[in-house]
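Accompanying notes for the structure given below.
The values are calculated or read from the model by the stated rules, or taken from the named source; none is laboratory data. The shown structure was predicted, so the numbers you read here are calculated from the model rather than taken from an experiment. In this analysis, Cβ positions are derived from the backbone assuming ideal geometry, glycine residues included, and neighbour counts consider all displayed protein chains. Keep in mind that these areas ignore ligands, DNA and RNA; they rest on the heavy atoms of the full protein, side chains included. Shrake-Rupley method; radii C 1.70, N 1.55, O 1.52, S 1.80 Å.
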Amino acid sequence: QVQLVESGGGLVQPGGSLRLSCAASGFTFSSTNIGWYRQAPGKQREWVAGITSGGSTNYADSVKGRFAISRDNAKNTVTLQMNSLEFEDTAVYLCSARPSGSVRNYWGQGTQVTVSS
């Protein structure tokens, strides 16, 4: 079955960095686009960054220049490097995938990122 497992969240001061990972299994990872999303308390889930099967990347304006998404098809993982973190980046971060032939997106359980002084 499709599984996505996020890790790497934690507590960090403003200006700090964190590196999130999404480990995938149960589908053909190398041919699947992967996205990172986040959801802060009381707010709607928002898209943060995406990477296509071919390695093309795209970012929300709010994180452009600070976050970097990458993938390792040999390890079936996607990484989100987050630099210059701000209070507003505090949220649960989730990765998502819609494997070929699926009728829906699959989600991980999320990892908490808290930016606080």
Problem set entry | Identity of the residue in region 57-99, of a type in the set (Ser, Thr, Tyr) and more than 15 Å from Gln3 (Cα to Cα), that ends up farthest from the chain's Cα centre (by Cα) | Ser84
Exercise. If you scan region 9-37, which residues turn out to be more than 19 Å from Leu85 (Cα to Cα), within 16 Å of the chain's Cα centre (by Cα) and outside any strand (DSSP E or B)?
Worked result: Phe29, Thr32, Asn33
For this session: Could you check Ala68 against (1) farther than 24 Å from Pro14 by Cβ; (2) in contact with a Ser or Thr (Cβ under 9 Å, 6 or more places away or on another chain); (3) of a type in the set (A, V, I, L, M, F, W, C) and say which number it fails?
Result: (1)
Exercise. If you go through region 66-117 one residue at a time, how many are under 13 Å from Val48 (Cβ atoms) and among the small types (Gly, Ala, Ser)?
Worked result: 4
For this session: For region 100-116, state whether one or more residues are closer than 12 Å to Ala23 by Cα and of a type in the set (Phe, Trp, Tyr).
Result: yes
Exercise. Are there any pairs with C-beta distances below 6 angstrom linking a residue in region 44-57 that is within 9 Å of Asn33 (Cβ to Cβ) to a residue that is among the charged types (D, E, K, R) and surrounded by 13 or more Cβ atoms within 10 Å (Cβ to Cβ), with the two at least 6 apart or on different chains, and if so which?
Worked result: Ile51/Arg71
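Which of the strands (runs of 3 or more DSSP E) found entirely inside region 38-117 contain at least 2 residues meeting this: of a type outside the set (Val, Ile, Thr) and open to solvent by 20 Å² or more (accessible area, probe 1.4 Å)?
Numbers: elements: 46-51, 57-59, 67-72, 77-82, 91-97, 111-115.
Ranges flagged: 46-51, 57-59, 67-72.
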